[in-house]
Amino acid sequence: MPWILELGEKHIPRPMPAGSVNAPRAHVAQPKDDLRQFSADVGSFVPNSDIRSLLHSRESSPRAATSKLRSLRFPAELAKPNNNCAPDKLVEATSEFGRTSRVPMLWIYVENDTFFGPDLSRRMHEAFTAAGGNAEYHMLPPFGNEGHFLIGSPDSISIWSPLVTRFLDEHVSQHQTTSPSENAKAEVTPRGQRVANDITYGGWQKLCFKPGGAITMCRTTITGKFATGQIAVRVDLIEREGDDSARLQLFLPVGMYLRAGVKLSVDKGRAYQIPYTWCLTNACVAAELADPKLIEAMESGQTMEVEVVDTNILSLATSVPLAQFGPVHKGPPAKTFEQEIDE
């Protein structure tokens, strides 16, 4: 791959020249006092004016520098699949990682990823698992103009989230010694409370997914947005064909106090605690197997209060409408997505 980025305040992304990958260690980002070397490394294919703009942005704002970096136009020959590193050494390094790996992994690749094309990613997976690593591999169809950025696009959530949900369902429960809800019950006393009145909710929808020949998965979902259009909260009830259990999943903004979890209650009734399970760059996810009594309450209730605690230890609450949840949940799906996935 052409770049290994570390986006902390004290680092700047540095290019990795072709053939410079040395197994088992990869080239890492360098401290920002190495700006001259950075300029020299990229100067052969990026205009000097762009380099100066990038370095100036990096000094004032790491995020601005990242945006500038993404906007640079590199010669077309640098965007050819697997033309960024020495593939054989990448495979060798992956084999070494597989030899010492002890944690199940989920690998999701995309056909039009110009950094890790299908042939290279399959070779890496084969080397990783042959050395003893445990990795579930998926090759998705092309996504947009560049598949490498699939995970960062909001439009891709419906594509990869069923795979992630299934993976977590299969593996997380095998390694838990205490339930997530018990871990989330740590008492937190907020210093104050506020109500999020600026969130507008759409309607409930039932969407189903049939990835290849896998079991059908359905998601009954609603999304609330701020006035800016940014997603404030998304609630998913995820169910798989032939499985009596359901998984409740909430997408919430970053900046929350994760130990507090998420508290739910329908029509001011019994409170349910949902733990945070993982975070993306732009959202955190709370998820738990759904209590059947909570689903029953949602089907007959009017509103569900979602309460979180932010990093200032202030509680923040919003009311999710439930009037249409019951009919939508029990009815046929609005859409069914069928997608062939090469595994």
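Mind checking which pairs have a first residue in segment 104-120 that is farther than 24 Å from R166 by Cβ and a second that is surrounded by fewer than 16 Cβ atoms within 10 Å (Cβ to Cβ) and of a type in the set (K, R), Cβ under 8 Å, 6 or more apart or different chains?
Pairs that qualify, where the first residue is farther than 24 Å from R166 by Cβ and the partner is surrounded by fewer than 16 Cβ atoms within 10 Å (Cβ to Cβ) and of a type in the set (K, R), are T114/K80.
List the residue pairs whose Cβ atoms are under 6 Å apart, where the first residue sits in segment 227-240 and is part of a loop (DSSP other than H, G, I, E, B), the second is surrounded by 21 or more Cβ atoms within 10 Å (Cβ to Cβ), and the two are 6 or more positions apart or on different chains.
none
Could you count how many residues in segment 192-222 are within 17 Å of M304 (Cα to Cα), open to solvent by less than 40 Å² (accessible area, probe 1.4 Å) and part of a strand (DSSP E or B)?
Here the count works out to 3.
Which count do you get for residues in segment 124-144 that are farther than 18 Å from T165 by Cα and surrounded by fewer than 17 Cβ atoms within 10 Å (Cβ to Cβ)? Break it down into steps so the answer makes sense when it comes.
First, pick out the residues of segment 124-144 that are farther than 18 Å from T165 by Cα: 124-133, 141-144.
From the residues that got through so far, the ones that are surrounded by fewer than 17 Cβ atoms within 10 Å (Cβ to Cβ) too are 126, 130-132, 141-142, 144.
Total satisfying the criteria: 7.
Are there strands (runs of 3 or more DSSP E) fully within segment 245-343 with at least 1 residues that are more than 30 Å from P142 (Cβ to Cβ) and free of Cβ contacts under 8 Å to residues at least 60 places away in the same chain? List them.
Details: elements: 246-252, 262-266, 271-274, 276-279, 284-289, 303-309, 314-321, 335-339.
Counting at least 1 such residues, we get 246-252, 262-266, 271-274, 284-289, 303-309, 314-321.
Does any residue of segment 104-111 turn out to be surrounded by fewer than 19 Cβ atoms within 10 Å (Cβ to Cβ), closer than 20 Å to K89 by Cβ and at pLDDT 90 or above?
Yes, some residue in segment 104-111 is surrounded by fewer than 19 Cβ atoms within 10 Å (Cβ to Cβ), closer than 20 Å to K89 by Cβ and at pLDDT 90 or above.
The values are calculated or read from the model by the stated rules, or taken from the named source; none is laboratory data. Nothing here was measured: the structure is a model prediction, and the numbers come from that model. Note that each Cβ is placed from the backbone with ideal geometry, even for glycine, and that neighbours are counted across all protein chains shown. Just so you know, the surface numbers come from the protein's heavy atoms only, side chains and all, with ligands and any DNA or RNA stripped out. Shrake-Rupley method; radii C 1.70, N 1.55, O 1.52, S 1.80 Å.
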